1. Step through the residues of region 182-192 one at a time and calculate ³J(HN,Hα) from phi using the Karplus curve (6.51 cos²θ - 1.76 cosθ + 1.60, θ = phi - 60°), rounding each to whole Hz and writing x for Gly and Pro.
2. Considering every Cα-Cα pair within region 1-83, what fraction, in whole percent, is farther apart than 20 Å?
3. Packing-wise, with mean Cβ within 10 Å as the measure, how do 263-273, 239-249 rank, highest first?
4. Using a cut-off of 10 Å between beta-carbons, work out the net charge of the residues near Val135 (Lys and Arg +1, Asp and Glu -1, Val135 not included).
5. At a probe radius of 1.4 Å, what is the per-residue accessible area of Arg297, in Å² to the nearest 10?
6. What translational diffusion coefficient, in µm²/s and rounded to a whole number, does the Stokes-Einstein relation yield for the chain at 37 °C and a viscosity of 0.692 mPa s, taking the hydrodynamic radius as the Kirkwood radius over Cα pairs?
7. Suppose only helical runs count, i.e. DSSP H with n ≥ 4. What mean residue ellipticity at 222 nm does that imply for the chain under -39500 (n - 2.57) per run, divided by all residues and rounded to the nearest 500 deg cm²/dmol?
8. Whenever you get a sec, compute what percent of the accessible area on region 1-53 sits on carbon and sulfur atoms (1.4 Å probe).
Amino acid sequence: MAHHEIPLERRTLHGHFSRDLKPILTVDSGDSVSFSCLNAGWRTAEHEVFPDRDDVLDAGHALIGPIEVRRARAGDTLVVGIEEVRIGSGGVTQAGGWSTPLNDRLGVGDGDTLTLLWTLDAEADLGRSDSGREVALRPFLGVVGMPPDEPGVHSTGPPRPCGGNIDCKELVAGTRLCLPIPLDGALVSAGDGHAAQGDGEVSQLAIEAPVERARLTLSVRDDLTLDNPIAWTPQAWLTFGFDEDLDEAAAQAIDGMLELMWREHGVERREALALASVVVDLRVTQMVNGVRGVHARLAHDSLR
């Protein structure tokens, strides 16, 4: 299988999803790609803004792509092996100062925005804020996904069945993310480096950091049909749900988990629901991307 290095330049960056974007690279199933990327706000580790940015088409996250996968067909599944995620030396987190339902409920929708600037030590897995706080780093890509098979420009903000801004902190190096492919060729893009994040991403930002190096392996499966993403980590299986309504997002995640328990363990749906009530954890992935994200987690050693 081939390995492809993608340079960080204007040609390889974009800030929206669209099936009409021209691929920057075409790969075979099983090939891997490596790249670096700006942070979500199109800034470098030194917090400098990328100079050549379109205010409309680049309004979303800075992403590398799209990458076409030969012989990927709509209805197949794209398996993204996350081999490496290394973040840059600086990051930023902000809170308050803009109106959202949560910010307004918490009383921080008005007034100044608090900004934490982080110094990041990838070797020590340590982040230190300019206010003197230290946190452990667990870097991952907030965005991995494909455009919907609909014309026009689509925001990078909300997660979709075909992926996108999932913002799941468990998708670190060593995991596999499985996405239903919406259109021939897949046209996958990735970016949005997060040095660390809690479930929920409650301020709307993690430690937003540029990606110094990420390596992904892109493979196509035609024997697996999905409605929403699922993921394998060394510790657990994950299934995802996305909707403006948190209850519906949770129901989608549970439905995906029941399907997975049948596929992986041969457990009939009603028994799977009973067992899920005992061994499956339901977590709020994120609350901030226009739709709510929920993931269900089944540890590998929980069913014997």
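1. x, 8, 4, x, 6, 6, 7, 10, 8, x, 6
2. Numbers: 1333 of 3403 pairs.
Everything past 20 Å amounts to 39 percent.
3. Averaged packing, sorted descending, gives the order 239-249, 263-273.
4. Neighbourhood net charge equals +1.
5. About 40 Å², ignoring ligands and nucleic acids.
6. Taking Rh from Cα pairs, D becomes 168 µm²/s.
7. -4000 deg cm²/dmol
8. That share works out to 50 percent.
The values are calculated or read from the model by the stated rules, or taken from the named source; none is laboratory data. Everything numeric here is computed off the predicted structure, so don't read it as measured data. Note that each Cβ is placed from the backbone with ideal geometry, even for glycine, and that neighbours are counted across all protein chains shown. These accessible areas exclude ligands, DNA and RNA; they are computed on the full protein's heavy atoms, side chains included. Shrake-Rupley method; radii C 1.70, N 1.55, O 1.52, S 1.80 Å.
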